[in-house]
Amino acid sequence: MEGCAGVTSWEQTHYGHKGYDLALKEMTRETVAAVKACQQAGYQVTVKDGHEDGINLDPALLPAGTELIQGWDSSPEEMMAGISADYAGAIHIGSHSPAGSSETPLDHTVEHGWYSWVKLNGELASEFTFNSLCAAQYGVPSLFLAGGAGICRRAEDFCPGIVTCATKKGVGSATVNKSPQEVAAGIATGIKEALAGPGGLPLLADEYLLEFCFSSAGRARAASFYPGAERAGERIVSYRAKSIMELLTAKMFMTEI
């Protein structure tokens, strides 16, 4: 949701708070645009609701034939729950820049306020970083991403070949947004282009160095007890993984998510 057009404050991202209904309306509009573009190209579509409790989208507002996964399946795949080698590609809607970046007033990775930053192999890691790797372990390319201009640039660097659509850009505590109509059209056009191409696969590594800079000493201490984790500073904990699933599993347990 945080990468959708018009979403600027944390209040807008929480159920029952000011602006949430409008933010959800835009999240739905962008999701529907993506689903319709895929269906028009002859694909069946599964949507994973990945915001907060994972129960935001109204199934009745999605195009007929859409499979919707809501809630959390308690696995390391988290936002990519249900992914398998049977899928032709992954599409990422509402994406945002990672914790520690200055490209959006809503920078975070998974949980706002838990970390100052998360890094993978020395680079700031976004939710897209982990989600695209999760798909890649099954050989599934990330075809398309819609979100803030910052995460679009990062996605293009991390997954060469991915097609992106910027919904807005961040300036300090503000956002400069495209109109919802322009964004929906951009998503439709971008997905049509993406489906005609190979998509993007991140460069896979032999080893993944995962680092968390926690915002509290308590969370850092708790994470340090995960087998193989190492304290790398006052609030920095690191872990080296040999595979993507090992990486995602460590992330799940070290962050208690």
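Rank these for me by crowding, S132, S116, going from fewest to most other beta carbons within 10 Å. Display every interim value, and only then the final one.
Values: S132 24, S116 13.
Result, fewest neighbours first: S116, S132.
Mind checking the angle between helix 20-40 and the chain's longest principal axis? C-alpha axes, 0 to 90 degrees, to the nearest 10.
With rounding to tens, the tilt is 70 degrees.
Run the numbers on the chain and let me know its relative contact order in percent, using alpha-carbon pairs under 8 Å that are six or more apart.
19 percent
Starting at the first residue of the range 182-197, write each ³J(HN,Hα) from the Karplus equation 6.51 cos²θ - 1.76 cosθ + 1.60 with θ = phi - 60°, in whole Hz, x for Gly and Pro.
These are the phi-based 3J(HN,Hα) values: 5, 5, 4, 5, x, 5, 4, 5, x, 5, 4, 5, 5, 5, 8, x Hz.
Can you run the Rg to Rh ratio on the chain? Use alpha carbon positions and the Kirkwood inverse-distance Rh.
Result: Rg/Rh = 0.95.
Over the Cα atoms of the range 145-192, compute the convex hull volume and normalise it per residue, giving Å³.
Measuring per residue, one finds 52 Å³ for the Cα hull of the range 145-192.
Quick check: the angle from helix 127-136's long axis to the longest principal axis of the chain, C-alpha only, nearest 10 degrees?
Taking the Cα atoms of the chain, the angle to 127-136 is about 80 degrees.
For the chain, what does the helix formula give at 222 nm: sum of -39500 (n - 2.57) over DSSP H segments with n ≥ 4, over the residue count, nearest 500 deg cm²/dmol?
-9000 deg cm²/dmol
Quick check on the range 1-86: take the gyration tensor over C-alpha atoms, sort the square-rooted eigenvalues as a ≥ b ≥ c, and tell me if it's rounded (a/c under 1.5), prolate or oblate.
Oblate, because a/c is 1.5 or more while a/b does not exceed b/c.
What number, in percent, do you get for the relative contact order of the range 1-54 if the mean sequence gap of Cα pairs under 8 Å and at least 6 apart is divided by its residue count?
Worked out over the range 1-54, it gives 25 percent.
Values quoted throughout were computed directly from the atomic coordinates according to the rules given, and no laboratory measurement underlies them. All values derive from a computational prediction rather than experimental measurement. Here the Cβ is made from the backbone with ideal geometry for all residues, glycine too, and neighbour counts use every protein chain on show.
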